[in-house]
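Visitor: Below you will find the structure I want to go over with you.
The values are calculated or read from the model by the stated rules, or taken from the named source; none is laboratory data. Since this is a predicted model, take the numbers as computed values, not measurements. Methodologically, a virtual Cβ is constructed for each residue, glycine included, from the backbone with ideal geometry; neighbour enumeration extends over all protein chains shown. With ligands, DNA and RNA removed, areas are computed over all heavy atoms of the protein, side chains included. Shrake-Rupley method; radii C 1.70, N 1.55, O 1.52, S 1.80 Å.
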Amino acid sequence: MEERCCEQCERHKHREMTEYKDLMNRLSRIEGQVRGVRKMVEEERYCVDILNQVSAIQSALNAFNKCLLSNHIKGCVVEQIKQGDETVVDELCSTIQKLMK
């Protein structure tokens, strides 16, 4: 459930350990992939090979977003709607529109 202290404060979300570990593992793999692309550029590797790796990073980031969005909907959005806060639906729609650019 998302916790709010006031409108001026940052919002926070406590995550269960399994969700936290999954997200962190995904980010670590993505970070490694980005370092790999940097090394490929430093080593003057062929452009297409680098582009293929960048495409893999984009796919990994999309998978991360899908996982995080799913968790957000199942947790934060559902909880806020149960509490009578339907403004979360507008926020969700806006977020999805940004992700689909």
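Visitor: Per the Kirkwood definition applied to all pairs of different Cα atoms, how many angstroms is the hydrodynamic radius of the chain? Each step should come with its number before you reach the end.
Guide: Numbers: mean 1/r = 0.0625 Å⁻¹.
About 16.0 Å, per the Kirkwood formula over Cα pairs.
Visitor: Roughly speaking, to the nearest percent, how much of the chain's 1.4 Å accessible area is carbon and sulfur?
Guide: On the way: 4260 of 8020 Å².
C and S fraction of accessible area: 53 percent.
Visitor: Still on this model: Using 0.36 nm per residue, how much length does the chain from N62 to R45 gain when fully extended, once their Cα-Cα distance is taken away?
Guide: Stretched fully, the N62-R45 segment lengthens by 3.6 nm.
Visitor: For segment 62-86, list residues with backbone N below 19 Å from a point placed 7 Å from the Cα of R29 toward its Cβ?
Guide: Zone members listed by number: 62-72.
Visitor: I would also like to ask the following. Normalized C-alpha radius of gyration of segment 46-90, against 2.2 N^0.38 Å? Each step should come with its number before you reach the end.
Guide: Working: Rg = 17.0 Å, N = 45, 2.2 N^0.38 = 9.3 Å.
For segment 46-90, the normalised Cα radius of gyration comes out at 1.82.
Visitor: Below 8 Å between Cα atoms, with a sequence gap of 6+, how large is the relative contact order for segment 17-101 in percent? Kindly include the intermediate steps, with their values, before the conclusion.
Guide: Values: 23 pairs, mean separation 21.5, N = 85.
Relative contact order here is 25 percent.
Visitor: Related question: Could you count how many Lys pairs in the chain have their Cα atoms under 27 Å apart, skipping same-chain pairs fewer than 8 positions apart?
Guide: Taking the Cα cut-off of 27 Å, the pair count is 18.
Visitor: How large is the accessible surface per residue of the chain, computed with a 1.4 Å probe and reported in Å² as a whole number? Walk me through the numbers on the way to the answer.
Guide: Numbers: 8020 Å² over 101 residues.
Here the per-residue accessible area is 79 Å².
Visitor: Based on the mean of other Cβ atoms within 10 Å per residue, sort peptides 15-21, 51-57 so the most packed one is first.
Guide: Numbers: 15-21: 11.0, 51-57: 13.4.
Ranked by mean Cβ neighbours within 10 Å, highest first: 51-57, 15-21.
Visitor: Now for a different question. Can you pull out the GluC sites (Glu not before Pro) in segment 41-83 that DSSP calls coil and that have at most 12 other Cβ atoms within 10 Å?
Guide: Details: sites: E42, E43, E44, E79; in loops: E43, E44.
Filter output for segment 41-83: E43, E44.
Visitor: Now a separate question. If ligands, DNA and RNA are left out, what is the accessible area of R26 with a 1.4 Å probe, given in Å² to the nearest 10?
Guide: Only protein atoms counted, so the area is about 60 Å².
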